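The values are calculated or read from the model by the stated rules, or taken from the named source; none is laboratory data. Quick caveat, the model's predicted, so the values are computed rather than measured. No Cβ is skipped: glycine too gets one built from the backbone with ideal geometry, and neighbour counts run over all protein chains shown.
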Amino acid sequence: MRSLLMMLGLCVLVLSPFPVAVSERCHPQDKKVLLRFKKELNNPYFLASWDPKEDCCDWYCVKCDDRNNRIYEVFLVSSFPDPNVTGQIPPSVGDLPYLEYLDFHKLPNLVGPIPTTITKLTKLKSLSITYTGLSGSIPEFLGQIKTLEYIALSFNSLSGSIPSSLSQLPNLGSLQLDRNKLTGPIPASFGSFKKPGPDLKLSHNQLSGTLPPSLGNLDPDNIDLSRNNLVGDASFLFGSKKKTQVLDLSRNAFSFDLSPVTFPKKTLIWFDINHNKIYGSLPVALTKVENLQQLNVSYNPQLKGQIPQGGELHRFDKYSFFHTKLCGSPLPPCPK
């Protein structure tokens with residue numbers, strides 16, 4: 001009798017004409033914020049899946065944490081430039097308290113500055129705003145978000161100087177500010193980054209002045225300062241005990257003696273100093289670099305002497321050494 005009653009109860013549940021409410025995973029406050037976020041971007045088709053009738057954990061361009069069902073990632077990323085996302089970065093993004101990753105990519109009509117409300121994101125690890133119409137200066141307040149590990153603001157229209165406050169980020173592993181309109185020097189405070197220091201990608205700007213010698217205390221994997229207006233000494237960036245993989249100083253006005261410089265034997269794969277005022281001779285230590293794939297010392301008219309032979313140097317043609325006073329293979333022989 002008891003089992004019969006249980007079966008009848010199950011049938012009532014299955015056959016009932018009334019819908020059974022299914023609870024959403026998405027936190028209602030996060031859903032409210034995301035809908036406001038969408039409205040602030042003028043309701044682009046890009047976010048058509050953000051339907052208030054649907055569970056926001058199932059929407060495109062967001063991710064929910066399975067442990068607490070809170071939004072931890074927002075990524076408005078297009079594979080080609082999408083002009084339909086318009087306006088400024090919504091200030092409401094600061095009302096997603098569990099957000100760890102924020103990414104805008106190839107949205108040319110996303111304009112204006114970075115909103116101050118972003119400082120409310122006390123869990124934010126990654127901030128990536130690339131190939132957009134972002135303008136204004138890089139805000140000092142980014143230095144307040146101590147959880148940041150990755151900053152990419154490449155291919156925008158940012159201007160002004162690089163804020164020294166970024167050196168206050170204890171966990172920063174990569175700083176990518178290339179292809180903007182940044183001016184002024186690299187902050188002296190950057191030498192105080194927690195070792196090994198972040199990868200620095202600052203190329204294609206209008207940075208000027210000398211490098212702070214304290215940068216030599218750091219040991220990031222990648223340093224790209226190319227295509228700026230930097231001058232003076234950069235020899236302290238080198239060293240046999242460093243783990244540098246990429247060092248690109250090309251198209252600046254650096255001036256220092258290359259002769260005594262040493263290199264990481266195991267890690268260095270890219271070394272480019274073309275179009276500078278670097279002088280001296282090529283160090284024999286270059287022949288000891290085991291995995292060198294890119295070498296360009298051209299257009300340094302005061303570089304002179306014989307090109308060392310050995311190691312990976314045989315891989316590079318004359319264009320790697322062009323417009324210098326160097327001699328020997330692959331250039332013409334040195335005069336006797």
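Pairs please, first residue from segment 31-53 and closer than 18 Å to ASP82 by Cβ and without any contact (Cβ under 8 Å) to a residue 40 or more places away in the chain, second anywhere and part of a helix (DSSP H, G or I) and among the hydrophobic types (A, V, I, L, M, F, W, C), Cβ atoms under 8 Å, 6+ apart in sequence or on different chains.
These pairs meet every condition: LYS38/LEU47; TRP50/LEU34; TRP50/LEU35; TRP50/CYS56.
Being exposed (fewer than 15 other Cβ atoms within 10 Å of the Cβ), farther than 25 Å from HIS204 by Cβ and touching a helix residue (DSSP H, G or I) at 6+ places or on another chain (Cβ under 9 Å) is true for just one of GLN309, GLN302. Which residue is that?
So the residue among GLN309, GLN302 that is exposed (fewer than 15 other Cβ atoms within 10 Å of the Cβ), farther than 25 Å from HIS204 by Cβ and touching a helix residue (DSSP H, G or I) at 6+ places or on another chain (Cβ under 9 Å) is GLN309.
Is there a residue in segment 250-258 that is touching a residue at least 24 places away in the same chain (Cβ under 8 Å), crowded, with 17+ Cβ neighbours inside 10 Å, of a type in the set (D, E, K, R) and in contact with a Pro (Cβ under 6 Å, 6 or more places away or on another chain)?
no
Quick one: would you say LYS277 is charged (D, E, K, R) and either closer than 18 Å to LYS242 by Cβ or modelled with pLDDT under 95 (or both)?
Taking the combined requirement at face value, the residue does not satisfy it.
Looking at segment 223-242, is at least one residue of a type in the set (D, E, K, R), under 19 Å from ASP272 (Cα atoms), at pLDDT 95 or above and touching a Gly at 6+ places or on another chain (Cβ under 7 Å)?
So far as segment 223-242 goes, no, none of its residues is of a type in the set (D, E, K, R), under 19 Å from ASP272 (Cα atoms), at pLDDT 95 or above and touching a Gly at 6+ places or on another chain (Cβ under 7 Å).
Residues in segment 229-246: is at least one on the phi > 0 side of the Ramachandran plot, surrounded by fewer than 19 Cβ atoms within 10 Å (Cβ to Cβ) and touching a Lys or Arg at 6+ places or on another chain (Cβ under 8 Å)?
The answer is no, given that none of the residues of segment 229-246 is on the phi > 0 side of the Ramachandran plot, surrounded by fewer than 19 Cβ atoms within 10 Å (Cβ to Cβ) and touching a Lys or Arg at 6+ places or on another chain (Cβ under 8 Å).
For (1) among the hydrophobic types (A, V, I, L, M, F, W, C); (2) modelled with pLDDT of 95 or more; (3) surrounded by 16 or more Cβ atoms within 10 Å (Cβ to Cβ); (4) over 29 Å from the mean Cα position of the chain (by Cα), each residue gets a yes or a no:
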| residue | (1), (2), (3), (4) |
| --- | --- |
| HIS27 | no, yes, yes, yes |
| LEU35 | yes, yes, yes, no |
| CYS56 | yes, yes, yes, no |
| CYS64 | yes, yes, yes, no |
| ARG70 | no, yes, yes, no |
